[in-house]
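The numbers here are math on the coordinates, done by the rules we state, and not lab data. Since the structure is predicted, the reported quantities are computational estimates derived from the model, not experimental observations. In this analysis, Cβ positions are derived from the backbone assuming ideal geometry, glycine residues included, and neighbour counts consider all displayed protein chains.
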Amino acid sequence: MKQFRNNRLLWVFALLGAVLVWFIAWPLLRTVLAAGPHMLWEAIQEEEVRAAISLTFSASAAATLIALILGVPLAYVLARASFPGKALIEALVDIPVVVPHSAAGIALLMVFGRQSFLGQLFGKVGIRFVSAVPGIIIAMLFVSLSFLVNAARDGFRSVDERLERVARTLGASPWEVFWQVTFPLAWRSILSGIIMMWARGLSEFGAVVILAYNPMVAPVLIFERFESYGLSYARPVATLVILISLVVFLILRWVGRDVEA
Amino acid sequence: MLKHERGGHLRIEGLHLTLGAFRVNDLNLEVQAGEYFILLGPTGSGKTVLLETLAGLHQPERGRIVLDGEDITYSPPEDRHLGFVYQDYALFPHWTVAENVAFGLALQQQPRWAHWFPWMGGRYRRAAAQSDEVREMLALLRIEHLADRTPKYLSGGERQRVALARALVVKPRVLLLDEPLSALDPQRRENLRRELRRIHEALGTTVLHVTHDFEEAVALGDRIAVLHQGKIEQVGAAETIFRKPATPFVAEFLGARNLFAAEAVDGENGMARLRAHGVDVLAVTDLRGKVHFTVRPEDIVLSRQPLDSSLRNTFQAEVVEVAPRGMLAYVTVAVPGEGGDALPLVAAVTSRSLEALDLHPGERVVVGFKASGVHVF
């Protein structure tokens, strides 16, 4: 607070910023406050709502798991090696963030749709993407993998390479060095990447709705209720989702603070 | 048992290496088993890269690295059994001191299958941290009391000891030290220098130590190689290199100095008596035994008459050479010592006083310098 004394600039900037803070906080607060506990309770008791929420959480978790298995190794390569085309790959990893998510959904449909080569290939082993859970998972994966890959890459980069070198001279193979030195030291960053990616997956609507309107994830359910029955019917579900996201967000902040300590 | 059976013998043959701006061309070097070998070169002469190459962290373009007769040029670092200590120690920040030291040992002691499941390594590392070997090594480096601490809260000197313990506990065939003392303040540097000597004597490990600090090189090295632009300019014992620099670079890099190996014993008034080339020189120092000392040429006074008695060191000498260098002149004199030996000293005098003294080779002169002007290390 001391900084505000005799500093008019800081006051002006703070007032401008306050408008934005109000703009974020008020709608969220309004939604949460408008819905009474009994309304939320009713919403939770609905089978459809529970199914949508648990589907959202588990599909996002599955997408995160896939990114963990495929994306963390990629992040390590990007952090440690230099090769032609590296900048291109790094840009490519970021692209899902800037592409409109409905467009991302269309693009995925082109590759994983029923008529596509991959769609048919997976169809042979019984995996369907359109209007099915695997479609939801790949949609979430596509739009949120950047968060995990980038966080893991930055985590690996922050590990001093000489620690790995010393470990080698002490008799550790590269495999052992990765698991005993690099990964534990980058773990905090990777964990915050996991939470960010998972949270981003939960909120995905655009790409998911194109690949799989049904089974419905929570954001699609809110949309559907709003379209078909109106605001008052959509609100309890929206409130529930906001509250859950808030909890996830708090966990994320808590983990982030630990990284600095 | 911490003592090594025998340190490794390292030979580098015709090594060619390019890494960024750094180049090594046709480097040849032999480090004897159990030797403390110093690679001395200016900052930025690529000494770190050279050490990393020996450790297997970079690939040379040509040449061979031979350890105890075995060609290890292309072996992976983990198979070479070379210890490595970085300038800023590179301790594992997520483990305790004891675990840091135990890491290499745990890798040796764990069952073979455990190498495939390294996420289970913590168990073996924590067990090894309690082992006698680790405890003895911590004791040797006088850091037992730090065993359960995290590197974050250690001082520079303590970190350096941990890094040394970690490298030594696996009994490396050669210990590679990269500027191990230069991140420390002078007092700690002095202490740790003595520690390094003591540990080398206690363990008998072959040491290859790179530094840009000539004092460090002289104080520690059995032999010294001077490295310049990726080439070895000269190899030999400290005094030889200083007495007879083989190339202009060596002469310039080391400067014109009076450097001598000596035996230090107690002298009068708590001073030390240093015997070099059969001549006794008095110095202010606590060091005893095998030491080196220098006297700056500017601190040496020449006179035709007997000198005033406040100078502790005064000798009759013979002028050997007079070399004018602009405003200054370097006069080399020989102080006759016992057994027909003689202590060669270089004095710097202004050209004006040279004129007044009118010195010529073969003439007699009195030389003097203060006991406090003798730098012992």
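Between B:GLU35 and B:VAL207, the built amide H atoms are under 5 Å apart, and every one of these is 5 or more places off in sequence or on another chain. For chain A, what are the DSSP H helices with axial Cα length of 15 Å or more and mean Kyte-Doolittle hydropathy of at least -0.5? Answer set is A:8-34, A:47-80, A:86-98, A:101-112, A:133-157, A:183-202, A:218-229, A:231-260.
So for the range A:25-95, what percent of the C-alpha to C-alpha distances run longer than 18 Å? Value for the range A:25-95 (Cα pairs over 18 Å): 65 percent. Distance between the 7 Å Cα→Cβ label points at A:ALA107 and A:ILE66: 1.5 nm. Taking a ≥ b ≥ c as the square roots of the eigenvalues of the alpha carbon gyration tensor, the range B:1-116 is prolate, as a/c is not under 1.5 and a/b beats b/c.
Pop the C-beta distance of B:THR350 and B:ARG243 into the FRET formula with R0 = 30 Å and round what comes out to the nearest 0.05. About 0.75, to the nearest 0.05. Taking other C-beta atoms within 10 Å as the exposure proxy, B:LYS290, B:LYS171, B:LYS231 rank B:LYS290, B:LYS231, B:LYS171 from fewest upward.
Counted by Cβ distance under 13 Å from A:GLU48, the other residues give a net charge of -2, where Lys and Arg count +1 and Asp and Glu count -1.
Here the peptides B:325-336, B:293-304, B:207-218, A:143-154 are ranked by packing, the mean other Cβ count within 10 Å, and the order with the highest first is A:143-154, B:207-218, B:293-304, B:325-336. Normalised by 2.2 N^0.38 Å, where N is the number of residues, the C-alpha radius of gyration of the range B:258-376 stands at 1.04. Compactness check for the protein assembly as shown: Cα Rg over 2.2 N^0.38 Å is 1.39. The string of couplings for the range B:361-377 from the Karplus curve (6.51, -1.76, 1.60, θ = phi - 60°) is x, x, 7, 8, 8, 9, 10, x, 7, 6, 5, 6, x, 8, 9, 9, 7 Hz, one whole number per residue in order, with x for Gly and Pro. The distance linking the range B:243-320 with the range A:51-79 is 72 Å (Cα centroid to Cα centroid, whole angstrom). Kindly identify the range A:122-261 as rounded, prolate or oblate by the Cα gyration tensor criterion: order the square roots of the eigenvalues as a ≥ b ≥ c, call it rounded if a/c is under 1.5, otherwise compare a/b with b/c, prolate if a/b is larger, else oblate. Since a/c reaches 1.5 but b/c is at least a/b, the shape of the range A:122-261 is classed as oblate.
When the chain is fully extended, how far beyond the present Cα-Cα distance does A:VAL125 get from A:SER232, taking 0.36 nm per residue of separation?
34.2 nm
Each of B:HIS277, B:ALA323, B:LEU287 was scored by the projection of its Cα onto the charge dipole of the range B:258-376, and the greatest displacement toward the positive side belongs to B:LEU287; charges sit on the C-beta of Lys, Arg, Asp and Glu. Annotation: lysines with alpha-carbon distance below 17 angstrom to B:LYS171 (same-chain offsets under eight excluded): B:LYS3. Here the dipole of chain B is about 860 debye; that uses its Cα centre as origin and unit charges on the Cβ of Lys and Arg (positive) and Asp and Glu (negative). Selection among B:LEU175, B:PHE369, B:LEU10 by position relative to the dipole of chain B gives B:LEU175 as farthest towards the positive end (Cβ unit charges, Cα centre). Working from label points 7 Å from Cα in the Cα-to-Cβ sense, the A:ILE244 to A:LEU33 distance is 2.5 nm. Rounded to the nearest 20, the size of the Cβ-charge dipole of the protein assembly as shown about its Cα centre is 1640 debye, with Lys and Arg at +1 and Asp and Glu at -1. Each other residue within a Cβ distance under 10 Å of B:LEU146 adds +1 if Lys or Arg and -1 if Asp or Glu, for a net charge of +1.
Taken along the Cα-to-beta-carbon direction at a fixed 7 Å, the label points for B:VAL265 and B:ARG198 span 2.5 nm. For the range B:174-183, the Karplus equation 6.51 cos²θ - 1.76 cosθ + 1.60, evaluated at θ = phi - 60°, returns couplings of 9, 9, 9, 10, 9, 6, x, 10, 6, 8 Hz by residue, with Gly and Pro reported as x. Counting neighbouring beta carbons within 10 Å and listing from fewest to most, the residues A:SER228, B:SER353 come out as A:SER228, B:SER353. The range A:177-243 and the range B:75-97 have Cα centres lying 43 Å from one another.
In terms of packing, defined here as the mean over residues of other Cβ atoms within 10 angstrom, the peptides B:30-40, B:120-130, A:120-130 line up highest first as B:30-40, B:120-130, A:120-130.
Taking the Cα centre of the range B:258-376 as reference, the dipole from Cβ charges on Lys and Arg (+1) and Asp and Glu (-1) amounts to some 220 debye.
Determine the shape class of chain A: with a ≥ b ≥ c the square roots of the Cα gyration tensor eigenvalues, call it rounded for a/c under 1.5, and otherwise prolate if a/b is greater than b/c, oblate otherwise.
oblate
Work out the charge dipole of chain A with +1 on the Cβ of Lys and Arg and -1 on the Cβ of Asp and Glu about the Cα centre, then indicate which of A:PHE183, A:ALA167, A:VAL149 is farthest towards its positive end. Of the candidates, A:ALA167 comes out farthest on the positive side.
Shielding of peptide B:96-104 by partners, expressed as the average count of other chain Cβ atoms within 10 Å per residue Cβ, is 2.
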